[in-house]
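**Student:** Provided herewith is a single structure, encoded as structure tokens, for subsequent inquiry.
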Ligand SMILES: [Zn+2]
């Protein structure tokens, strides 16, 4: 495996590409021999793969070191032209959909492909490129605003650094960290409100230009929600309200008991007074995790070792790095890449296993993909499928982390794993419903945005984290939720994916057979097709959610630390 930094990068010339693609396309349209036709399809596909790989490579280098001017310029260039590159291939998709060889083609292209291009062509057009550019600029404004350094204990600090103190065992320190951040958001209320309001306006314009009623409808196509819609998602949110919120109330009671408090405040963002601590961190953690992965599966272990040793995993904390974690997949090299910024707390273990779930899924798929011509449109499974593998890997790995913690902390880690998954569900639904409302309100005024949030906080019983500071009382909690600004409507996918993740985990006791089997074809099916094919729990179904909730509640109770 070549070292990550040694991958050759080049900026791709748009004018040359368009000439080349149009020429190949012309040959394709006029081709009457199937094997020649197939060769042309492969050639166009490999041009696409090259574009994707270069784009991703620049993006990853930029995420890993935002002070690197070369890749900063490259990604700015890409952001201004990627939409144009994407729409360049629309006539190619049209040709494939209407191909005289369509029946034969279906043996070489995964079945989901044609459905995906139908969805893709509804959301891609040259007509929206100037609006998309404006959207990107607003997203950049949001990112820059979040990079503001704030004074904390006499030093200029980032939001990411300060939020590290949210899990501090000292209540006053936690309060100080929360207050610093809330004060900051409150001071920038107008700016955060304005950016979101403008984003909603522009996104709805994009949707209208493409023939949708609003961005909510557009989001179903953008996120390839094939076979289900907002009707189903609403059902899902109701299921969470009915079956998960009662468990969350119980969890709050346990938390009060554990922390010995009469009332929980917005700064009580810990469960145990001493949160679990891993024995090691940083690069040592990565090296020790090699043993954990080796415990589980040989292929998984080889992949992890290779990725660590050749810098395809870059998680160690540094300045000038992004504040989130992500797995990318290089479409030419066929290798997953993990980028993130360790926080030096117990969540680093979780982050690594999560991203490794994504990476191992892609690894399994890369083997299967050799049997097909796989378009970059199928580079990742749709999100509610993709996250099944990351969450199931977090859960599968739980049993193999005793080397990372001391005994008590290990038990706490396992408890927190289930606790966090369950505890997040109502909040995820809140974010989703918030977006559905603000994007579908035709006469939305800027002041409606925070009002909507406040109302939903009550509905989902999240007053604890959303009141007590003026920023929270005025509905400004969501400023920190980057998905709302950067990836609208992609948040509910986490919640939808949990149910598949639980079933992969349940069936992975001995080995990773199910993980590998489903993972290798995860991009080839839509969400509903996949869960039907592999008999996985359907989150839109009331009974299923009820059953899964009961099991998880038991799991949580069994992992609860008994105190004397
Ligand atoms: Zn993920």
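Just so it is clear, none of the values below were taken in a lab; they were calculated from the coordinates. Predicted, not measured: the structure shown is a model, and the values here were computed from it. Heads up, the Cβs are rebuilt from the backbone with ideal geometry, glycines too, and the neighbour counts pull from every protein chain shown.
**Student:** From zero up to wherever the largest Cα-Cα distance of the chain sits, split into 10 Å bins and tell me the percent of pairs in each.
**Tutor:** Binned Cα distances yield the sequence 3, 16, 27, 30, 17, 5, 1, 0.
**Student:** Taking a ≥ b ≥ c as the square roots of the eigenvalues of the Cα gyration tensor of the range 4-108, is the shape rounded (a/c under 1.5), prolate (a/b larger than b/c) or oblate?
**Tutor:** Prolate shape, in that a/c is at least 1.5 and a/b is the bigger ratio.
**Student:** Further, regarding this structure: So, by mean Cβ neighbours within 10 angstrom, what's the order for 227-236, 349-358, 452-461 with the highest one leading?
**Tutor:** Working: 227-236: 16.2, 349-358: 24.1, 452-461: 17.7.
Order by mean packing, descending: 349-358, 452-461, 227-236.
**Student:** Using a simple spin-label model with points 7 Å from Cα along the Cα→Cβ vector, what separation in nm is obtained for residue 98 and residue 183?
**Tutor:** Label at residue 98, label at residue 183, 6.4 nm between them.
**Student:** Something else: Restricting to bridges with both residues inside the chain, how much of the DSSP beta-bridge set is antiparallel, in percent to the nearest 5?
**Tutor:** On the way: 8 of 10 bridges.
Around 80 percent antiparallel, to the nearest 5.
**Student:** Taking the Cα centroid of the range 216-279 and of the range 134-158, what is the distance between the two, rounded to the nearest whole Å?
**Tutor:** 27 Å
**Student:** While we're here: Modelling each spin label as a point 7 Å along the Cα-to-Cβ direction, I'd like the residue 260/residue 533 distance in nm, to one decimal.
**Tutor:** 5.5 nm
**Student:** Please give the helix 542-559 orientation as an angle from the longest Cα principal axis of the chain, in degrees from 0 to 90, rounded to the nearest 10.
**Tutor:** 50 degrees
**Student:** Compute the length gained on full extension between residue 90 and residue 424: take 0.36 nm times their separation in residues and subtract their Cα-Cα distance, giving the result in nm to one decimal.
**Tutor:** Details: separation 334, 0.36 × 334 = 120.24 nm, distance 3.83 nm.
Length gained between residue 90 and residue 424: 116.4 nm.
**Student:** Let's test the formula: R0 of 51 Å, r as the Cβ-Cβ distance of residue 19 and residue 562. What FRET efficiency results, to the nearest 0.05?
**Tutor:** Taking R0 as 51 Å, the efficiency between residue 19 and residue 562 is 0.10.
**Student:** Which whole-number percentage describes the relative contact order of the range 1-136, with Cα contacts under 8 Å and a sequence gap of 6 or more?
**Tutor:** Rounded, it is 24 percent for the range 1-136.
**Student:** Take the Cα pairs of the range 332-403, get the Kirkwood Rh, then feed it into Stokes-Einstein at 37 °C and 0.692 mPa s and tell me D in µm²/s.
**Tutor:** In µm²/s, the coefficient rounds to 245.
**Student:** Express in whole angstrom the spacing between the alpha-carbon centres of the range 39-65 and the range 398-432.
**Tutor:** Comparing the Cα centres of the range 39-65 and the range 398-432, I get a distance of 35 Å.
**Student:** When a/c is below 1.5 the answer is rounded, else prolate if a/b is larger than b/c, else oblate, so apply that to the range 456-564 with a ≥ b ≥ c taken from the square roots of the Cα gyration tensor eigenvalues.
**Tutor:** It is oblate, given that a/c is not under 1.5 and a/b is not larger than b/c.
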